[in-house]
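Here is the structure we will look at, set down as structure tokens.
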Amino acid sequence: MGETQADQPTPENTSGGSGGGDADEPIPFMQQVLDNPFLLLFLGITVPTVFYVIWGVMEVVAIPVAS
Amino acid sequence: MSIFPPAQRIWWKEPIERSEILWVTIALVWCLVLFFMMPYWHLYGDQNLANEAYKIKPEVFAERTEAMAEKYTVREEGDTGIPVVHPPAGSDIYMLARLWEWWPVLELEKNQSYRLHLSSLDWQHGFSLLPENINIQVHPDYEMVITITPNKSGEFTVVCNEFCGIGHHTMTGKIHVVDK
Amino acid sequence: MSSSADFRICPDTGFKIHLPADKLIKWNAVTAVVFLLIGGLFGIGVAMTRWPAVHLLPADMFYMALTAHGFDVLLVWCIFFEIAILYFASSILLGCRLATPKLAWLGYWLMLIGAVITNIAVLRGDSSVMFTSYVPMMAAPDFYLGIILFAVGALVGCFVFFGTLVIAKREKTYEGSVPLVTFGATVAAIIAVFTIATGAVILIPTMLWSMGAIAHIDTVMYKVVWWAMGHSSQQINVAAHIAVWYALAAILFGAKPLSEKVSRTAFLLYILFLQLASAHHLLVEPGLSSEYKVFNTSYALYLAVLGSMIHGLTVPGAVEAAQRKKGYTKGMFEWLRKAPWGNPAFSGFALSIVLFGFLGGISGVMMGTEQLNIIIHNTIYVPGHFHATVVTGTTLAFMALAYWLVPVLWQKELVLPGLAKWQPYLFGIGMGLAATFMMGAGTLGVPRRHWDINFADAAIGYDFSGAAHLMMGLNGVAALMGGIGGAIFILNMVGTILWGKPKTKAAEAEPAPVAPVGGAATVSSYGNAGTLAVPGTFTLAMVFLVAFILYFFVNWKYLAGVWPIS
């Protein structure tokens, strides 16, 4: 099922990309953002709440009364 | 594979294959075309909703509709004797929705414009003008005003296409368009 | 920390499976299929009634069946299956224990009890308000209560999912970023939280209004908030079925994503913008500005559509790349011709992509255009569109996954493998045709949610054209075809679980295969610099684009011919 059979995953091996000198390279900002499910949850709730729900409700509330 | 974590620790810096970049660029351009068609049509197209709407009590809307009908009824139609109303070109005209009919029948003149007010006296209804296939949602407590300019003469039927209970499929109305 | 005694090793894949997660996945998936059956039966009743020559159900039963059909398939079938997917994508793919299984069971029972309560309310006859339950049309309080309980249960399931992600990270059961499939499932869960929160915000007051405790609910406000739940619930489906597509590409072909960066960014566009498009249900309502409509209905400059178009290339592209690596390099499409079309997991997967894109995606973007919606709103075009998306897209993808997952999870052989080979075609083509005929009828003005287009009981009649009647008849036939396809699937699933022959014991299970962890050296072999170009997929994508462009503009032409409105 897998491609190459590496060793069993061991919890002690925490450094992620082992091998090569890039084990110390900092993770790019966007990758960190995408790796953070709770930040994404916050964005995924806030953006539509503001632009779709709140903006929409504000417009409905502001409908003028017929003269 | 997608069911395993990415092989590289830092995948954000992977180079992207050319055809993928090309597709993303083409798709983005198409997305912008899709978007700008809407404001474009507002400027150059003939079918737009002005989004003119007001809060209005059903009794008030009914009064205004009946007032128009009283002034401009020209005859009655059908088994139910529904009034056919021929308002002056350019005027404010009314059609109300109620369980289960559109009232009254309107008679309009081809190539003339009218400010059509739509509202419901009870539940939500769907104003579907056939065979034009113009569809507007009609709410109680709110009226929508749209300026319409019938560009063909003939008989047009209003079918309710918002489910409104057991009589929903019997809810119809009519607009006649006559040559001036 | 759970002991290793709580896990079993999958004989086929070697994945570690947490036993409580195993049970929860199975129960959620099976319950999902039960509601697919119930909802599907109601759907057949609806289609047979809308077929004018058959006109099966009387009016009150039709509207009742339509309400039940919408709720049972659009909400209950999809979300139960998605909860199973969430637990699979977290606990199994990350190799960790599921967070708080007891809570997950609470979620399950809330969902089941809620679904039953609402079904009973509808079948009682006093809550035929359609799945949308637009005020001031009122259902009985338990109609709303059931949906609220169902939603709370699903929310609990989402929390269990997020908790499991935390556990996997803390217990370091995987390295680096989560798999792309898990990321897609995360997107689905995020949208689900928004869906459920907005659902609660609108349905709790509506239930109280139905009980007499609140005097009035504003009708336009109701629609704004309801559709935050209503359409977003379908966006959960989109994110989930795309995650399923990536999973199937990996499972069936060993396919790797063409680019983790591109696919994940496409998912990010979903997170930010997919839910805005609920506004496409409000394009012909009184009181909302064009600015609001244009910004929201377009998913913010169509950026979420960009996300979809990206997945539309990267999913088949990954398959093509994997196939080409295996040696299928003759011409542009050998990789596709030699794909396992007899394997229902593949054929369901492939049909789902094509039908969702061409039938569902294109029609959806067209309909959601501010002005084009005028010639579409509340016609039967709308259900045509969403049968293409939710049925030939989501449901068919879920079926494809089930063909692989059920035998593996239960360790049983499919009872009807011969029928299984044909089922995705029967179901996909049948429902695809049904969707197409509904869209055709809608273009001719046929209304949705309507018992009698002959207007037999109306004071004023209307004659729909022969073509419109033909479309509705053909829709009926196609729906029967799809219904038989659905029934075969359900039969196969139930039969396999209950009576399937145990799978012959595989060779001693190897430890869970781990993705190769590499450093700089792997850039050239994993990422895109070394990935083969995907000319076949690119060509298909261009065909899709041309179809999109043509269909989009033809509808502007239709619009331009109707009465000027301003």
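Bear in mind these aren't lab numbers, they're just calculated from the coordinates by the rules spelled out. Since this is a predicted model, take the numbers as computed values, not measurements. Quick reminder, even Gly has a Cβ in these numbers, built from the backbone with ideal geometry, and neighbours come from all protein chains shown.
Tabulated data for the structure shown
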item	result
For residues of C:260-270, the mean tally of beta carbons on other chains within 10 Å	5
Projected area averaged over orientations for chain B, convex hull of C-alpha atoms, nm²	17.1
Sequence-distant residues sharing a close amide H with residue B:2 (under 5 Å, placed H)	C:250
Amide H partners (placed H, <5 Å) of residue C:379, local residues excluded	C:448
Positive minus negative residues near residue C:239 (Lys, Arg vs Asp, Glu; Cβ under 13 Å)	0
Rg followed by Dmax, in Å, when segment C:194-241 is reduced to its Cα trace	12.3, 41
Semi-axes of the equivalent ellipsoid for segment C:396-512, Cα gyration tensor, largest first, Å	44, 12, 11
Segment B:132-180: translational diffusion in µm²/s, Stokes-Einstein, Kirkwood Rh over Cα pairs, 37 °C, 0.692 mPa s	255
Trypsin sites (Lys or Arg not before Pro), loop per DSSP, at most 15 other Cβ atoms within 10 Å - longest free stretch of chain C	C:339-502
Equivalent ellipsoid semi-axes, segment B:1-40, via Cα gyration tensor eigenvalues times 5, rooted, Å	32, 12, 9
Residue among C:173, C:185, C:140 farthest towards the positive dipole end of segment C:56-198, charges placed on Cβ	C:173
Alpha-carbon spread of chain C, three principal axes, descending order, Å	74, 54, 47
Two-decimal Rg/Rh across segment C:131-201, once Rg and the Kirkwood Rh are taken from alpha-carbon atoms	1.16
³J(HN,Hα) computed for each position of segment B:82-99 - Karplus, 6.51 cos²θ - 1.76 cosθ + 1.60, integer Hz, glycine/proline x	5, x, 9, 10, 10, x, x, 4, x, 8, 7, 10, 10, 9, 9, 10, 8, 5
Shielding by partners, peptide C:180-192 (average Cβ within 10 angstrom, other chains)	4
Calculated SAXS-style log₁₀ I(q)/I(0) at q = 0.07, 0.09, 0.12, 0.16 Å⁻¹ - segment C:15-254, Debye, Cα scatterers	-0.25, -0.41, -0.69, -1.09
log₁₀ of I(q)/I(0) at q = 0.10, 0.19, 0.21, 0.25 Å⁻¹ - segment B:78-174, Debye sum with one point per alpha carbon	-0.24, -0.90, -1.10, -1.50
Table column - 3J(HN,Hα) (Hz), segment C:341-346, Karplus curve with 6.51, -1.76, 1.60, x for Gly and Pro	5, x, 8, x, 5, 6
For segment B:35-74, convex hull volume per residue from C-alpha positions, Å³	112
For chain B, calculated [θ]222 nm from helices alone, where every DSSP H run of n ≥ 4 adds -39500 (n - 2.57)	-8000 deg cm²/dmol
Alpha-carbon spread of the protein assembly as shown, three principal axes, descending order, Å	90, 51, 47
C:472, A:58 arranged by Cβ crowding within 10 Å, fewest neighbours leading	A:58, C:472
Percentage relative contact order, segment C:1-76, counting C-alpha pairs under 8 Å, at least six apart	26
Relative counts (whole %) of C-alpha pair distances in segment C:7-102, using bins that are 5 Å wide	3, 14, 18, 15, 11, 10, 8, 7, 6, 5, 3, 0
Helical contribution to [θ] at 222 nm, DSSP H n ≥ 4, -39,500 (n - 2.57), averaged over chain C, rounded to 500	-21500 deg cm²/dmol
Against the rule of thumb 2.2 N^0.38 Å, how large the Cα Rg of segment C:317-378 comes out	1.61
Shielding by partners - mean other protein chain Cβ count within 10 Å, residues of C:302-311	4
Antiparallel bridges, percent of DSSP beta bridges restricted to the protein assembly as shown (to nearest 5)	70
Amide H contacts of residue B:147 (H built 1.01 Å from N, under 5 Å, at least 5 apart or other chain)	B:50, B:116, C:566
Phi-based couplings in Hz for segment A:56-63 (Karplus 6.51, -1.76, 1.60; Gly and Pro marked x)	x, 4, 4, 5, 5, 4, 8, 5
